[in-house]
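Only one structure is covered here, and it is reproduced in the block below.
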Amino acid sequence: MKNRNTRSGKTILAVLLAQAIFTVASGQTAREIVQKAYEKFTGEESSYSTMNMTIVRPTWERTVTFKSWTKGKDYALTLITGPASEKGQSFLKRKNEMWNWNPTIDRLIKLPPSMMSQGWMGSDYTNDDILRESSIVDDYTHEIIGEEKIEGRDCYKIKLTPREEAAVVWGHQIRWIDKKDYLTLKVELYDEDGYLVRTETGSEIKQMGGRLLPARLELIPADEEGHKTIIVIDHMEFNIPLDDRFFSQQNMKRVR
């Protein structure tokens, strides 16, 4: 028993030493790296983007186009611009409230927390992904568990574990973040039992909004053969002036 405890103690010490070495070598903590990667993609203050999303299934595929505005962690507004049958739908996050406006049926629906894990517009992305109810910075603890090359770039491999009080969808995440430009190039999302649910990769890196970003995001579910969702970012702007009042139920119905 003594030998087993000794080995266990050495293992824990080795892990702690490895974490300390990573922090000293990079001069920043895992949380700071995750935050920089998050802000790189969403803007330090705000963002505006236009994207198209292709949902691929074994026997069919379809494309949805949309615009999205964000401000900090509390506000997000997404407008569907195509296809014609769904054009004009909008989704709003305002602090802890989530809403969907459907002009076809002239109805505003409040989305309960139970819907955050459901697929957004029939895709493999969830409502939580698009509306960002949970925060990868605030709702998780962060640990550098290694280094690896992705797309030829040196990346930190960081594990995100949910805080006990956080209402999050995932059991844990692993993110590969480029050391130089803080690009998130790969994400693995696991359920509460530790099984891989889906993998997202970023590629086609280009300048958008004055910064390098992956223009193509590909999400593949682990247990659904032939299923994937591809997002191509056409345009991005960052730190644009947006008033809190822009993110209102009234504006959901008139934004274009």
How many residues does region 118-152 hold that are of a type in the set (Ser, Thr, Tyr), within 24 Å of Ser85 (Cα to Cα) and in contact with a helix residue (DSSP H, G or I) (Cβ under 7 Å, 6 or more places away or on another chain)? 1
Filtering region 118-131 for residues that are touching a residue at least 12 places away in the same chain (Cβ under 8 Å), under 18 Å from Lys73 (Cα atoms) and either in contact with a strand residue (DSSP E or B) (Cβ under 6 Å, 6 or more places away or on another chain) or part of a helix (DSSP H, G or I) (or both) leaves a count of 4
What number of residues within region 63-89 satisfy the criterion of being loosely packed, with under 15 Cβ neighbours inside 10 Å and outside any loop (DSSP other than H, G, I, E, B)? 2
For region 192-205, pairs from a residue that is under 19 Å from Gln118 (Cβ atoms) to a residue that is of a type in the set (Asp, Glu) and assigned to a strand (DSSP E or B), with Cβ under 9 Å and 6 or more apart or across chains, are Val197/Glu188; Arg198/Glu188; Glu200/Glu188; Glu200/Glu218
Quick one: would you say Thr141 is within 30 Å of Gly27 (Cβ to Cβ) and modelled with pLDDT of 95 or more? yes
Within the set of pairs 6+ apart or on separate chains, which have a first residue in region 236-250 that is within 19 Å of Asn96 (Cβ to Cβ), a second that is assigned to a loop (DSSP other than H, G, I, E, B) and polar (S, T, N, Q), and C-beta atoms under 6 Å apart? none
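Residues are listed down the side, and each one gets a yes or a no for (1) under 13 Å from Asn251 (Cα atoms); (2) modelled with pLDDT of 95 or more; (3) among the polar types (S, T, N, Q):
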residue: Thr63; (1), (2), (3): no, yes, yes
residue: Trp69; (1), (2), (3): yes, yes, no
residue: Gly72; (1), (2), (3): no, no, no
residue: Gly82; (1), (2), (3): no, yes, no
residue: Gly88; (1), (2), (3): yes, yes, no
residue: Lys93; (1), (2), (3): yes, no, no
Looking only at region 157-181, count how many residues are under 16 Å from Ala215 (Cα atoms) and surrounded by fewer than 21 Cβ atoms within 10 Å (Cβ to Cβ). 1
Given the condition part of a loop (DSSP other than H, G, I, E, B) and in contact with a His (Cβ under 7 Å, 6 or more places away or on another chain), answer yes or no: does some residue in region 149-168 qualify? no
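When you go through Glu224, Glu204, Glu188 one by one, which is the residue that is in contact with an Asp or Glu (Cβ under 9 Å, 6 or more places away or on another chain), in a strand (DSSP E or B) and not aliphatic (A, V, I, L, M)? Outline the logic, then answer.
On the way: Glu224 fails: in a strand (DSSP E or B); Glu204 fails: in contact with an Asp or Glu (Cβ under 9 Å, 6 or more places away or on another chain).
Result of the check over Glu224, Glu204, Glu188: Glu188.
Would it be correct to say that Asp154 is loosely packed, with under 14 Cβ neighbours inside 10 Å and in contact with a strand residue (DSSP E or B) (Cβ under 8 Å, 6 or more places away or on another chain)?
Working: loosely packed, with under 14 Cβ neighbours inside 10 Å: yes; in contact with a strand residue (DSSP E or B) (Cβ under 8 Å, 6 or more places away or on another chain): yes.
Yes, satisfied.
Name every residue in region 41-58 that is among the hydroxyl-bearing types (Ser, Thr, Tyr), modelled with pLDDT of 95 or more and surrounded by 20 or more Cβ atoms within 10 Å (Cβ to Cβ), in order of residue number.
Ser47, Ser49
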Out of curiosity, is Glu204 within 16 Å of the chain's Cα centre (by Cα), at pLDDT 95 or above, surrounded by fewer than 20 Cβ atoms within 10 Å (Cβ to Cβ) and of a type outside the set (S, T, N, Q)? no
If you check Ser46 against the conditions, is it more than 18 Å from Asp243 (Cα to Cα), touching a residue at least 40 places away in the same chain (Cβ under 8 Å) and touching a strand residue (DSSP E or B) at 6+ places or on another chain (Cβ under 6 Å)? no
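The values are calculated or read from the model by the stated rules, or taken from the named source; none is laboratory data. What you are looking at is a predicted structure, and each value in this text was computed from that prediction instead of being measured. For neighbour counting, all protein chains shown are included, and Cβ atoms are generated from backbone atoms with ideal geometry for every residue, glycine included.
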